[in-house]
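Structure first, commentary second.
The values are calculated or read from the model by the stated rules, or taken from the named source; none is laboratory data. All values derive from a computational prediction rather than experimental measurement. Methodologically, a virtual Cβ is constructed for each residue, glycine included, from the backbone with ideal geometry; neighbour enumeration extends over all protein chains shown. Note: areas computed on protein heavy atoms with side chains; ligands, DNA, RNA excluded. Shrake-Rupley method; radii C 1.70, N 1.55, O 1.52, S 1.80 Å.
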Amino acid sequence: MRTSLVLGVAFVLSVPVAAFAGVYDIHVGGICSTNFSGGNGNGRVGSWPGETSVDAYVDQTESMDTATTQLAQTLNAYCTGGNLCYVYVWSNGGAVMSRTLSIYGDAWNIGYVVASASNEGGSELGGTGWIGQVFGGCYLAGHIGVSDMRNGWNHDDTGGVITGMIGGDGWLAPYAQSAILPGHDDGAVAEETSGGYASTGSYSNICGANKWTNHQAWWSCEYSDLNHYDMKEKGVCDDGGASGCKN
């Protein structure tokens, strides 16, 4: 499992997985959710031999503070001592994970983070009527815009943890929201954010430079036919934890 193809370059964890007491795969969902499984885009937690998957309870309905605190509690429970974790985040879960690392640094044993369609850099749909069309309403959905996310914490401070980014460019109903998002987008976030770019702009893939520290494009420069919901399990699939996923 732990040999990830990063655009043709093999990224291998330096310490064998067998050396750890327990290996946990933490899954974090998106905006207006409390879990990874179910909800928008459905989503199954991954399964890897000899490892334990955790569908983390992270409440993303009210505040980033609450979500960050709850994610930190999960990581405290599973990713300290002799344990090792891999973290799979989707959509606004990418922002929550980034904020958590920025605040707590290297408090945990994390091999890497896989971020699918991450909203780490914010969405132009945040605070608009379109966010309700795409995700349904919750208070936090009005506070996940570009300014909120990019100015909310230090995205370069990851505690040394690598985040592998993957992004899509597929259509997502009701479709018209793509006119608001710059460059290529998956119907909810543009590739300026799913690609981990430090500057906003109209990007046509996620493989460019100018990324936040320790953010990398993994597996593909773009999944051109996958929308935001399709991307939910894509990181899990690409890392060998599920089958039958869209390409």
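Test S118 against the criterion of being among the small types (G, A, S), crowded, with 24+ Cβ neighbours inside 10 Å, part of a loop (DSSP other than H, G, I, E, B) and more than 13 Å from the chain's Cα centre (by Cα), and give yes or no. For S118, the condition - among the small types (G, A, S), crowded, with 24+ Cβ neighbours inside 10 Å, part of a loop (DSSP other than H, G, I, E, B) and more than 13 Å from the chain's Cα centre (by Cα) - is not met. Residue check: D185 meets all listed conditions (1) surrounded by fewer than 24 Cβ atoms within 10 Å (Cβ to Cβ); (2) within 18 Å of the chain's Cα centre (by Cα) but one, namely (1). Does any residue of segment 209-216 turn out to be touching a Ser or Thr at 6+ places or on another chain (Cβ under 6 Å), buried (at least 17 other Cβ atoms within 10 Å of the Cβ) and assigned to a loop (DSSP other than H, G, I, E, B)? The answer is yes, given that some residue of segment 209-216 is touching a Ser or Thr at 6+ places or on another chain (Cβ under 6 Å), buried (at least 17 other Cβ atoms within 10 Å of the Cβ) and assigned to a loop (DSSP other than H, G, I, E, B). Across segment 61-101, the qualifying residues are those that are assigned to a loop (DSSP other than H, G, I, E, B) and open to solvent by 10 Å² or more (accessible area, probe 1.4 Å), and the one among them that is nearest to I26 (Cα to Cα) is T80. Selection over segment 68-123 of residues that are within 18 Å of D186 (Cα to Cα) and either out of contact with any strand residue (DSSP E or B) (no Cβ under 7 Å at 6 or more places or on another chain) or of a type outside the set (V, I, T) (or both) gives a count of 15. Report, ordered by the first and then the second residue, all pairs with beta carbons closer than 7 Å, sequence separation of six or more or different chains, a first member in segment 44-73 that is closer than 20 Å to I103 by Cβ and free of Cβ contacts under 8 Å to residues at least 40 places away in the same chain, and a second member that is among the polar types (S, T, N, Q) and open to solvent by 30 Å² or more (accessible area, probe 1.4 Å). From residues that are closer than 20 Å to I103 by Cβ and free of Cβ contacts under 8 Å to residues at least 40 places away in the same chain, the pairs are Y57/T34; Y57/N35; Y57/Q70; V58/T34; V58/Q70; D59/T34; D59/T66; D59/Q70.
Just to be sure, is Y203 part of a loop (DSSP other than H, G, I, E, B), aromatic (F, W, Y) and within 16 Å of the chain's Cα centre (by Cα)? So Y203 does not fit the description; no. Exactly one residue out of I103, I131 is modelled with pLDDT of 95 or more and among the hydrophobic types (A, V, I, L, M, F, W, C): that is I103. The residue that is nearest to D186 (Cα to Cα), counting only those in segment 217-247 that are of a type in the set (G, A, S) and open to solvent by 40 Å² or more (accessible area, probe 1.4 Å), is S224. Of all residues in segment 133-156, those satisfying the criterion of being of a type in the set (F, W, Y) and either over 17 Å from T66 (Cα atoms) or assigned to a helix (DSSP H, G or I) (or both) are F135, Y139.
Within segment 166-189, the only residue that satisfies the criterion of being assigned to a strand (DSSP E or B) and either free of Cβ contacts under 8 Å to residues at least 24 places away in the same chain or more than 17 Å from S202 (Cα to Cα) (or both) is D185. Restricting attention to segment 30-60 and to residues that are β-branched (V, I, T) and open to solvent by less than 30 Å² (accessible area, probe 1.4 Å), the residue that is nearest to A188 (Cα to Cα) turns out to be I31.
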